[in-house]
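Quick notes on the structure that follows.
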Amino acid sequence: MFGQRFLVIYSGVLTAVFAVSVLAGFSKNHVPSFDEIDVHRINVREPNGTLRMVISDSAKLPGVIVKGKEQPKVDRPQAGMIFFNDEGSENGGLIFGGRRDAHGDVVDSGGSLSFDRYNANQVVQLLGVDDKEDSMAGMAVSDSKENGGGYRRVWVGRTADGAALLSLMDAAGNERIQMKVPSKGTPEIEFLDEGGKVTKTIRGNNALP
């Protein structure tokens, strides 16, 4: 009887030791590999738990997160990737979307890659939009004040009518120079005052006061 009990205990101990050894070796040395996975959201975190990146569908894309605290989700129907700094605050992202509403109109169609200043709004944005409200593609460079807003200073891209456009704004966001090359016709440069009034136009080789 004692011999049988000893064998049972001995067998159990060996099984436990083997299982622990296998699991320990798996966790330390083996990186799982998948040919294909389906997910709704992936959170990338630092060892201390700080969120650094979110890859998500539109349903689970978070609202703006500042130092780990998420704000209510407002006007963010796209899917994509959101980037976070060392403090867990959003500092840029890549989002994309596109759908038809109940009336059959294309809405929220396009993509955006943006980078934010620390503790402030975005400073660089690559943007492409083509839906019922907007049709444009280009790059925007903006001022961005910590704990505050900022105005767009540069826009270079394509307009809805197919023109290539370069706009330069002052620190208050007022457009002061516009350089435009239409799809057909004469290129022109316009100089504007702070109120948006054109003060000088250059078309081809002709200058108009």
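The values are calculated or read from the model by the stated rules, or taken from the named source; none is laboratory data. It should be emphasised that the depicted structure is a prediction, and the values quoted were computed from it without experimental measurement. Every residue, glycine among them, receives a Cβ derived from its backbone with ideal geometry; neighbour counts consider all protein chains shown.
Within segment 104-124, does at least one residue satisfy the condition of being within 23 Å of Asp193 (Cα to Cα), under 19 Å from the mean Cα position of the chain (by Cα), at pLDDT 85 or above and not hydrophobic (A, V, I, L, M, F, W, C)?
There is no residue in segment 104-124 that is within 23 Å of Asp193 (Cα to Cα), under 19 Å from the mean Cα position of the chain (by Cα), at pLDDT 85 or above and not hydrophobic (A, V, I, L, M, F, W, C).
Return the total of residues in segment 58-75 being touching a Gly at 6+ places or on another chain (Cβ under 8 Å), touching a residue at least 24 places away in the same chain (Cβ under 8 Å) and outside any strand (DSSP E or B).
2
Condition first: part of a loop (DSSP other than H, G, I, E, B), at pLDDT 90 or above and under 21 Å from Phe115 (Cβ atoms). Can you find one or more residues in segment 31-52 that meet it?
Scanning segment 31-52 turns up at least one residue that is part of a loop (DSSP other than H, G, I, E, B), at pLDDT 90 or above and under 21 Å from Phe115 (Cβ atoms).
Would you be able to say whether some residue in segment 86-106 is of a type in the set (Asp, Glu) and farther than 21 Å from Glu70 by Cβ?
Among the residues of segment 86-106, at least one is of a type in the set (Asp, Glu) and farther than 21 Å from Glu70 by Cβ, which makes the answer yes.
Taking segment 44-61 as the region of interest, how many residues are under 17 Å from the mean Cα position of the chain (by Cα) and over 13 Å from Gly92 (Cα atoms)?
The qualifying residues number 8.
When the residues of segment 91-139 are narrowed to those that are among the small types (Gly, Ala, Ser) and part of a loop (DSSP other than H, G, I, E, B), which ends up farthest from Ser167 (Cα to Cα)?
Per the criteria, the residue is Ala102.
What number goes with the only condition from (1) closer than 30 Å to Asp105 by Cα; (2) assigned to a loop (DSSP other than H, G, I, E, B) that Glu146 does not pass?
It fails just one condition, (1).
Only one of Arg117, Arg153 is among the basic types (Lys, Arg) and within 19 Å of Val66 (Cα to Cα); which?
The conditions single out Arg117.
Any idea how many residues of segment 123-160 are exposed (fewer than 13 other Cβ atoms within 10 Å of the Cβ) and more than 23 Å from Phe96 (Cα to Cα)?
Here the count works out to 5.
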